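The values are calculated or read from the model by the stated rules, or taken from the named source; none is laboratory data. Just so it is clear, the model here is predicted, and its values are computed rather than measured. We place every Cβ from the backbone using ideal geometry, glycine too, and count neighbours over all the protein chains shown. Just the protein is used for accessible areas: all its heavy atoms, side chains included, with ligands, DNA and RNA removed. Shrake-Rupley method; radii C 1.70, N 1.55, O 1.52, S 1.80 Å.
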Amino acid sequence: MSRPQVVVTVVDITSQTVQLHDVITIGGQAFEISDLIELPGRAKRLRFGTGETFTMHANTTLSATRAAGRR
């Protein structure tokens, strides 16, 4: 039985465009975003599947991988 292929794209994200299930790499380790919490000043707290968090400020831009079909 063959596995379905997942197509991912690399996108630049900001606190305004980040989405659930985006995957960002920090220190060579990939983290999938499992929850987003809005903070004052257009910042967001990203919660990863590992339970760790990362605060993304309004002027932060990161590269992320996103499964095809998600915007």
Over the chain, what is the relative contact order in whole percent, taking alpha-carbon pairs under 8 Å and six or more residues apart?
40 percent
Percent accessible area from carbon and sulfur atoms, the chain, protein chains only, probe 1.4 Å
51 percent
Lys, Arg +1 and Asp, Glu -1 on Cβ, resulting dipole of the range 1-55 about Cα centre, debye, nearest 20
20 debye
Evaluate the Debye formula for the chain with equal point scatterers sitting on the alpha carbons, no solvent, and hand back log10 of I(q)/I(0) at q = 0.14, 0.15, 0.22 Å⁻¹, in q order, two decimals.
-0.43, -0.48, -0.96
